[in-house]
1. Calculate, for residue 372 and residue 512, the FRET efficiency according to 1/(1 + (r/R0)^6) with r their C-beta to C-beta distance and R0 25 Å; round to the nearest 0.05.
2. How far, in nm, would the chain grow between residue 334 and residue 14 when pulled straight, counting 0.36 nm per residue and subtracting the alpha carbon separation?
3. Ranked highest first by the average count of other Cβ atoms within 10 Å around their residues, in what order do 492-499, 214-221 fall?
4. State the extension gain, in nm to one decimal, for the chain segment bounded by residue 451 and residue 166, taking 0.36 nm per residue of separation less the distance between their alpha-carbons.
5. So for 292, 145, fewest C-beta neighbours within 10 Å to most, what's the order?
6. With θ set to phi - 60°, apply the Karplus curve 6.51 cos²θ - 1.76 cosθ + 1.60 along the stretch 477-485 and write out the HN-Hα couplings as whole Hz, x wherever there is a Gly or Pro.
7. What residues of the stretch 132-148 lie in the reach of a label at residue 114, counting those whose backbone N is under 17 Å from a point 7 Å from the Cα along Cα→Cβ?
8. Between residue 32 and residue 307, what length in nm is gained on full extension when 0.36 nm per residue of separation is reduced by their alpha carbon distance?
Amino acid sequence: MSRFRLQVNGEQHVVDAHPLTRLSEALRQNLEMTGTKVGCDAGDCGACTVLLDGAQVCACLVPIAHADGSQIVTVEGLGGDELSALQAAFAEHGAAQCGICTPGMLIAASTVLKDPPPTEAEVLDALGGVLCRCTGYRKIVQAVMSLGHRKAPGTNPGASSGVGARAIGIDAQAKVTGSACFGADVPPPADALALRVVRSPHASATFELGDCSGLLERHTGLVRVLRAADIPGCNGFGIYPDYKDQPVLADGIARYRGEAVCALVGTPETLDTILDEEVPLRWLPQAEVLGMEDALDAAPINPVFDTNILTEGVVCTGTVPNEDGLAQASGNFTTAFVEHAYIEPEAGLARRIAGTDGIDRIEIAVSTQSPYMDRDEVANVLGIEPTRVRIRPTACGGGFGGKLDQSVQPLVALAAWLVDRPVRCVYKRSESMASSTKRHPANMQGRALADRNGRLLGFEFRGDFNTGAYASWGPTVAGRVPVHCMGPYRVPNVDARARAIFTNGPPSGAFRGFGVPQAAIVHESLVDELASELGIDPLVFRKRNALRAGDTTATGQVIRSSVGLAECLEQ
Ligand code: FES
């Protein structure tokens, strides 16, 4: 331990810490200034950007010893009683969406404010070190650029009102000031323990977790090692009521690399010193099945299904024509896993709360997209009534579907329930990537037919979607793709089928569109090909075939909106 002096936002602070303590940690934990966010802890995402003696730095990469005696500016130092003009511009332009990147973005943008105003190239250059997964950056750039036309100080969000005024998000102020509380910002009580998950290094393996008494004796701050047998209720969760197929902690069989097999509960300092290799796990790797073609011939992977075909969705209407003379386009298409890469890793804090009626409850503050689903899953895992589970959603630093599934929720709930102390878990970036759900990889075949006038007559689609080892949102993907795979086009004859296939891959889940973006690659490619074959401008071809108000889709739904693709293309 050494003593360091930091001048933060004009105020002098003394911090006692190890010289290698990250500046981000010193700000967030020692000084309780959680406006500075941590996304990757590796200098990649820029969420923790602060000014160090006037220059942008990633606070996660700066050891506190290096910052000793320096002047630091964080998001808390940008405004006063009122928002700064920059903060107000972010709020007004919708530049703070989930808000986890916003403090870093604001700090980065603050370096480019000048008279005369910066060029767009200068703004882009200044913001280049901070990643945003929500906005597409345009609104942020527009917000910064707008300051060239504004001389007045910022107004508090909400000041713009009235018919026709642009609405400002109700949480915009919290996001631009850094006061929005995300999963890792919830302050742990003094007696809180930490939880670390031990994960499978194998995509397919059986394992035994041996006697952990030696581990517990060697590390006095280790309070408990949680295993599947400790779960008082159902060791399974899943999106659908009938498919609670994913174990909270694997019970002797790991089905994907990164699957949780046990959890260490102890003081944060102790957990930092324990190597995974110290945990008495004996692994017996098995042949892994990673490809969907292999999975169709392989033994069942998922514990509750007797086949590796989770489900099939089908849409058939009319008869796809086969006669000569029609224009035809066909092709095979493959897409890969895609990671959500939300800037905020999964984080939560659970507390067991003694009831005055003698019936205890569990309360979990967590970054989530689905608090009611979380409540029901945790209740099922603990074997208690849902009314005894309270989920307190924090601000959610990006989800895009990935935070509809369970991550830390059942784990911290189980630990807090069993050890009767608050328990907190914050995933590392690498752990988030290893364990979170992905976009379904797809193998797709498509065939589209049109007459010589460029009218679509038929569409065939076959798609297999890799849902990984567990069901998650696989049924939604398999069910939704055939409904949408002919795109926004009027097609009278359709034969479309999609299957979700189990493999030893990480679970694929909800991801912006549920498989429909993968299928869009097929229909848009085939439309281009047909237009080319017929010598018709691709835009004209699309207009000619676009669904219009009053049209009936392949699933029998009547288009009611008068603003469909056709109308959009005509504007
Ligand atoms: Fe930038 Fe969400 S608003 S990551």
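1. 0.75
2. Length gained, residue 334 through residue 14: 109.6 nm.
3. Ranking the peptides 492-499, 214-221 by packing returns 492-499, 214-221.
4. Extending this stretch completely gives an extra 97.9 nm.
5. 145, 292
6. 3J(HN,Hα) across the stretch 477-485, in whole Hz: 5, 5, x, 8, 4, x, 6, 10, 6.
7. What the label zone holds, given the 17 Å backbone N cut-off, is 144-148.
8. That pair, residue 32 and residue 307, stretches by 93.9 nm at full extension.
Throughout, read-outs are computed from the coordinates displayed, never taken from laboratory work. These figures come from a predicted structure and were not determined experimentally. So basically every Cβ, Gly included, is an ideal-geometry build from the backbone, and we count neighbours across all protein chains shown.
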